[in-house]
Protein chains: 2
Amino acid sequence: MTAVAVDVALLAIEAGRLTVLLVEPESADLAGTWSLPGRRVRDDESLDTTALRALRELAGIERPTLLLEQLRTYGAPTRDPRARVVSVAYLALSGAPLHPAPGPRPGPRAVVADAAEVLDWPPARFAYDHAAIVADAIERVRSRLEYTALATALLPAPFTLAALRGVYEAVWGGPLDPANFRRKVLATPGFVVPAPGPAVAGPGGGRPARRYAAGGATRLHPAMLRDR
Amino acid sequence: MTAVAVDVALLAIEAGRLTVLLVEPESADLAGTWSLPGRRVRDDESLDTTALRALRELAGIERPTLLLEQLRTYGAPTRDPRARVVSVAYLALSGAPLHPAPGPRPGPRAVVADAAEVLDWPPARFAYDHAAIVADAIERVRSRLEYTALATALLPAPFTLAALRGVYEAVWGGPLDPANFRRKVLATPGFVVPAPGPAVAGPGGGRPARRYAAGGATRLHPAMLRDR
DNA sequence: TAAATAGTGTCTATGAGACAATATCTC
DNA sequence: GAGATATTGTCTCATAGACACTATTTA
């Protein structure tokens, strides 16, 4: 009988790097691999609810995410060798750095891995087809940064444009020109608004930076396009 | 027990309009509504295979589509009032006009509806949540035309740029400037290549148009962006 | 000939990127 | 003052859209 599950790729930004939460599979014959937190869908549960429950039960995250959206559904007949499981993959994004603490009850071990490194892992280091799900999730969040104001939600207000640029650099994995980044952000209506209060310099000196808060916009026009 | 199904939105271009295939639901208590062709996923079947089978069994389409891709998965607990069914929605695109002929065996009635009109229908005219799936599918094919060379696959080669423009106008639902369209297409490497043979005028006269065939490209750089 | 359609030329606006120059902080 | 970072200015290039204009057919 075909079962339905939800697997969640939970991403966050930590120390200027994009990270992903991985857990040990519960099945003993998958020891040595890593997987995403996942749960079977209960009969009275929506798919989103299952995703939140997986994060709560397996990652100890209570009210997690700035973003929770479906990626796609994986249904190859043999993706789980033990039984037929169709899995709906989700992307979740946390506003705070992740702690590999699996909740109150003793649970499987969890790690927080660097997203760029994980993309280079051989697929066999993951359980099931979770290598593909992780790659999907990373690509999706990179794309979301282009077209939405999601990055402002990842920062505590007020923030500097350098901090906002740091989010883009962490997710996209490369440096951006500060001058051009600034001009693009300020030219996009509703992306950021100036915050009151004085400008503050960073720890290493330099001219103090003005502070901004999230503007009202959700979709960005024009978009913050990556180089192709 | 939760069941898994696949529903397919099959689109085509007919007489300059984007169309979608709808069938009568098999369940008697849904009489008076329209639905998308859908089937339960068999235990040994991939999701793509189920989608193709649904088209074959309910729409009489044997080797259908230029495009078959997943849209998203619908799993609200009460989306089917009779039982819990999680449905993986697919978009399919046919290169030939659709015929509302439900295959060799007697099956439910089918219609070919205009996509733009269907978007204005009240959701209750559809069974289940299929109004949302249809809207998803139309938006997806509009987007695919921006970033891929899909439109050339919809036309028999050789074709004129006016015919190619007709595909874009049908899917996007508005007129495009012939001069600017031409320049954009020819400036996109690999989109089209000149076809041998003479230029031919249309039925209503006018300067004969040169003919082109599909270039090798799949992804378009730069993309054919819609007005926002 | 008129109408229709194909194709070319040109002008303007916008956005992205490179990079120089200036401002103001920490050490 | 030296170094670091923020901010502004300027230049170039690519693309999109509006629209005038020319070319070649059918009726």
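The values are calculated or read from the model by the stated rules, or taken from the named source; none is laboratory data. None of the values given here were measured: they were computed from a predicted structure. All Cβ positions, even for glycine, are placed from backbone atoms using ideal geometry, and neighbour counts span all protein chains on display. Accessible surface is based on the protein model in full, side chains and every heavy atom, while ligands, DNA and RNA are left aside. Shrake-Rupley method; radii C 1.70, N 1.55, O 1.52, S 1.80 Å.
Annotations
- Output for the range A:160-178, where each listed residue is out of contact with any helix residue (DSSP H, G or I) (no Cβ under 8 Å at 6 or more places or on another chain), free of Cβ contacts under 8 Å to residues at least 40 places away in the same chain and over 18 Å from A:VAL141 (Cβ atoms): A:ASP177
- Subset of the range B:201-228 that is in contact (Cβ under 8 Å) with a residue 24 or more places away in the chain and within 13 Å of DNA strand C (Cβ to nearest atom) - its residue that is farthest from the other protein chains (Cβ to nearest Cβ): B:GLY202
- Lone unmet requirement of (1) within 14 Å of another protein chain (Cβ to nearest Cβ); (2) in contact with a strand residue (DSSP E or B) (Cβ under 6 Å, 6 or more places away or on another chain) for A:ALA83: (2)
- Selection of the range A:37-52 for residues being among the β-branched types (Val, Ile, Thr) and facing chain B (nearest Cβ under 7 Å) yields only A:VAL41.
- Near pairs, Cβ below 7 angstrom, 6+ apart or cross-chain, from the range A:179-190 (more than 12 Å from A:TYR168 (Cβ to Cβ)) to any residue that is within 7 Å of DNA strand C (Cβ to nearest atom) and open to solvent by 70 Å² or more (accessible area, probe 1.4 Å): A:THR188/A:PRO222
- Qualifying positions in the range B:1-35 - more than 14 Å from chain A (Cβ to nearest Cβ), hydroxyl-bearing (Ser, Thr, Tyr) and more than 20 Å from the chain's Cα centre (by Cα): B:SER27, B:THR33
- Residue list for the range A:46-100, restricted to those being charged (D, E, K, R), part of a helix (DSSP H, G or I) and in contact with a Leu (Cβ under 8 Å, 6 or more places away or on another chain): A:ASP48
- Taken together, B:ALA170, B:ALA89, B:ALA124, B:ALA132 contain a single residue that is more than 14 Å from chain A (Cβ to nearest Cβ) and either open to solvent by less than 40 Å² (accessible area, probe 1.4 Å) or in contact with a strand residue (DSSP E or B) (Cβ under 9 Å, 6 or more places away or on another chain) (or both), which is B:ALA170.
- Scanning the range A:132-159 for residues that are within 16 Å of DNA strand D (Cβ to nearest atom), of a type in the set (S, T, N, Q) and out of contact with any helix residue (DSSP H, G or I) (no Cβ under 9 Å at 6 or more places or on another chain) turns up nothing.
- Lone qualifier among B:PRO178, B:PRO158, B:PRO196 - being away from chain A (no Cβ under 14 Å) and exposed (fewer than 11 other Cβ atoms within 10 Å of the Cβ): B:PRO196
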